[in-house]
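Structure first, commentary second.
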Amino acid sequence: MSRDDGVTHQGPLGGTAVQLPPRRIRHIRIEAGAVSADYQACAEQIADIVAELRASAGITVTVDDDVRPDLPSLPCAGLWD
């Protein structure tokens, strides 16, 4: 399940509307030893997280398109925008 709908925002000072590209939602699993956490987030946010965690020893990050409605959103997702 991915979101394919674009988002339209009003332009500056009520000008022309701007169509933003659609955001692809993906599944991310973060594992550290016996602890794992699964979330859903947009692909851009996940790419940033993978880049940050890649150098962390003992952390495994898996990304795929297995997005389910019961997956929570990435905590503090707004910080990655």
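Observations, loosely collected:
- Counting only residues that are surrounded by fewer than 10 Cβ atoms within 10 Å (Cβ to Cβ), over 17 Å from THR60 (Cα atoms) and modelled with pLDDT of 70 or more, the range 1-47 holds 0 of them.
- Test: residue in the range 65-79 that is open to solvent by less than 60 Å² (accessible area, probe 1.4 Å) and at pLDDT 95 or above: yes
The values are calculated or read from the model by the stated rules, or taken from the named source; none is laboratory data. Keep in mind that this is a model prediction, so the values were computed, not measured. All Cβ positions, glycine included, derive from the backbone under ideal geometry; neighbour counts span all protein chains shown. What goes into the accessible areas is simple: the full protein's heavy atoms, side chains included, and nothing from ligands, DNA or RNA. Shrake-Rupley method; radii C 1.70, N 1.55, O 1.52, S 1.80 Å.
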